[in-house]
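Notes follow the structure.
Every read-out reported here was derived from the displayed coordinates using simple, explicitly stated rules and does not represent laboratory data. What you are looking at is a predicted structure, and each value in this text was computed from that prediction instead of being measured. Methodologically, a virtual Cβ is constructed for each residue, glycine included, from the backbone with ideal geometry; neighbour enumeration extends over all protein chains shown.
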Amino acid sequence: MKLLLTIVQDADAPKLQKVLIENGFDSTKLASTGGFLREGNTTLIIGVEDERLMDVRALIEQTCRERTKLMKPGVAITDLQDVYTAEPMEVTVGGAVVFVMDTEAFWRL
Ligand code: 2BA
């Protein structure tokens, strides 16, 4: 079994959860914040059997789309460094960032 940490844009999350349910995949939704833009995004935890991994990948690919966001000037780029954007900066976000992890066990108790 694999565990997918799937980071998507908020705008894509409801549709993705709907499509996952329709195709028999369970997921858990967490509110998250990107480190770079420091805007809200959504992380879906998805547990999937190995043989269905590529099916869930296809659903994520079909549902989540890439968007361009404009970072306003004067916004701190990170908390750690005193670095600010001088000019509006275009940033491409998504469709999805997915971490795929082996799962030792799955217990529903
Ligand atoms: P954010 O960290 O807010 O990043 C939003 C987008 O900004 C990223 O889109 C990327 O295109 C851009 N970006 C990030 N760091 C940058 C930098 N140092 N310089 C220029 N542009 C930069 P995605 O790559 O699609 O990532 C979307 C979200 O996925 C990220 O939001 C973050 O929440 C998560 N993510 C991406 N890579 C990650 C990683 N290695 N570990 C953990 N989370 C990650």
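Overview of values
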quantity	calculated
Long pairs among Lys29/Lys69; Lys29/Lys72; Lys15/Lys69, criterion Cα-Cα beyond 26 Å	Lys29/Lys72
For segment 44-54, 3J(HN,Hα) per residue [Karplus equation, 6.51 cos²θ - 1.76 cosθ + 1.60, θ = phi - 60°, Hz, x = Gly/Pro]	9, 8, 10, x, 9, 5, 3, 5, 9, 4, 6
With Cα atoms, 0 to 90° folded angle of helix 13-22 axis to the chain main axis	10 degrees
Over the chain: helical MRE at 222 nm, DSSP H runs n ≥ 4 each giving -39500 (n - 2.57), nearest 500	-5500 deg cm²/dmol
Debye, to nearest 20: dipole size of the chain, +1 on Lys, Arg Cβ, -1 on Asp, Glu Cβ	320 debye
Net charge over other residues, Cβ less than 9 angstrom from the Cβ of Lys69 (K, R count +1; D, E count -1)	-1
Modelled FRET efficiency - R0 22 Å, Phe99 with Lys15, Cβ distances, 0.05 increments	0.55
Most fluctuating residue given options Leu53, Leu30, Leu70, as computed from a GNM of the chain linking Cα atoms under 10 Å	Leu70
